[in-house]
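Only one structure is covered here, and it is reproduced in the block below.
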Amino acid sequence: MSLDIRMELTKNPKAKPQDESKLGFGKIFTDHMFMMDYEEGKGWYDLRIVPYGPIAIDPASTVLHYGAEIFEGMKAYRRVDGSIAMFRPDENGKRMNNSAERLCLPEIDPEMWLEILDTLVKLEKDWVPHSEGTSLYIRPFTFGNDPHLGVHAVHHSTFVCILSPVGAYYAEGINPVKIAIESDDVRAVRGGTGYAKCGGNYAASLRAGKRAEEKGFTQVLWLDGVERKYIEEVGSMNVMFKINDEIVTPKLTGSVLPGITRKSCIELLKSQGANVSERLISVDELVEAAENGSLQEAWGTGTAAVVSPVGWLSYQGKEYEIGGGKIGETTQHLYDTLTGIQWGKIPDTFGWIHPVC
Ligand SMILES: *Cc1c(COP(=O)(O)O)cnc(C)c1O
């Protein structure tokens, strides 16, 4: 496929950040962004790369009132051989389309998806930072953009893709975090939008995250929305446990986001002969395992951090330490292997790497 993309390049390129240790996450953006519009019956049109900047939308636009928005999060890496590559971007494209289907937003053809990402990342390749652990974060999103207030599926949408150079997630080493099990708020329910990557899920999760932070926790562990009994996710990451040498992760029941890091961890561990189960795991089972010492490790998985070890869990006023509050061997192994494949230090036997330039 060769798309017709109109190019409007900036006349005022920004200076690239000098000190890559201060990049942080999602604070600065590259010179250009990709945009296109959608109209029912016409499809996607006016594909364009334009200077990064504010976009004008009608005050009556659907997204501002009814939250019709979906997004993706992925990274481009500068590899040890100097080339630039993405990690499983086809999986993000599939998930974007599953999210679109759920929110009645338009889907994007898989070939078109890859060509848009390749074209934009190639144009902005000098923005991919060089220091170890840094990357170029890619944030594609689609929102409903009908300029009237009637509540119905949208007829006009806009797709945008912005890029942000981000710092090493673990600049000071991987430190296990403290997590509070949340018994009041829920993130998602079966039949709702939990499996879709939509902005509304995040809006609904902010209060619990804020309360947990105020009490000294990094994030919350979400329970299912019906019985408040089964473990679902940790913050905005999927969660995995090692109990009696079995790797357990909540199965995808509809309220859990199907993470690509989750999927990659499962595929990697299975290929190495580990005992991996996708099943329901109740908070009672987890607390019992923590009490009797069979809970060996707990960690979150997601694109931003790859893995994030959980050192302490708090539930109903009690605190449980996991693995002595230190990163466990499986967590460390997953981090080393996945980042090794991403950075080109370990051969990619799975076909996960998508070279860009
Ligand atoms: C994006 C996301 C994840 C992680 O998905 P990855 O594809 O691994 O980055 C997990 N949970 C939620 C709620 C998410 O939005």
Checklist line | Surrounding net charge for residue 152, when Lys and Arg each add one and Asp and Glu each subtract one, Cβ distance under 14 Å | finding: -2
Notebook entry, point to check: Tell me, how many Å apart are the Cα centres for segment 236-287 and for segment 1-74?
Noted result: 34 Å
Notebook entry, point to check: Can you give me the Cα centroid spacing of segment 171-219 and segment 88-113 in angstrom?
Noted result: 24 Å
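Between rounded, prolate and oblate, where does segment 6-166 land on the alpha carbon gyration tensor, with a ≥ b ≥ c its root eigenvalues, rounded for a/c under 1.5, else prolate if a/b exceeds b/c? Write down the numbers at each step before the final one.
Working: a/c = 2.04, a/b = 1.71, b/c = 1.19.
Note, shape of segment 6-166 comes out prolate.
For the chain, what is the relative contact order in percent, using Cα pairs closer than 8 Å and at least 6 residues apart in sequence? If you can, show how the numbers build up before the last one.
Numbers: 745 pairs, mean separation 65.2, N = 357.
It comes to 18 percent, rounded to a whole number.
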Check: Along its principal axes, what span do the Cα atoms of the chain show, with the longest given first and each in whole Å?
Finding: 62, 52, 37
Next item on the list: May I ask you to give the solvent-accessible area per residue for segment 242-289, in square angstrom, as obtained with a 1.4 angstrom probe?
Entry: 39 Å²
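Carbon and sulfur together cover what percent of the accessible area of the chain at a 1.4 Å probe radius? Write down the numbers at each step before the final one.
Working: 8170 of 16220 Å².
Taking all protein chains in place, the chain shows 50 percent carbon and sulfur surface.
How high is the relative contact order of segment 3-141, in percent, counting Cα pairs under 8 Å that sit 6 or more residues apart? Please report the intermediate quantities before stating the final value.
Details: 163 pairs, mean separation 37.3, N = 139.
Relative CO of segment 3-141 lands at 27 percent.
Can you give the translational diffusion coefficient of segment 291-357 in µm²/s, computed by Stokes-Einstein from the Kirkwood radius over Cα pairs at 20 °C and 1.002 mPa s? Display every interim value, and only then the final one.
Numbers: Rh = 13.8 Å.
It diffuses with D of about 155 µm²/s by this estimate.
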Next item on the list: Determine, from the Cβ-Cβ distance of residue 278 and residue 336 and an R0 of 25 Å, the FRET efficiency 1/(1 + (r/R0)^6), rounded to the nearest 0.05.
Entry: 0.60
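The values are calculated or read from the model by the stated rules, or taken from the named source; none is laboratory data. Because the structure is predicted, anything quoted here is derived from the model rather than measured. All Cβ positions, even for glycine, are placed from backbone atoms using ideal geometry, and neighbour counts span all protein chains on display. Keep in mind that these areas ignore ligands, DNA and RNA; they rest on the heavy atoms of the full protein, side chains included. Shrake-Rupley method; radii C 1.70, N 1.55, O 1.52, S 1.80 Å.
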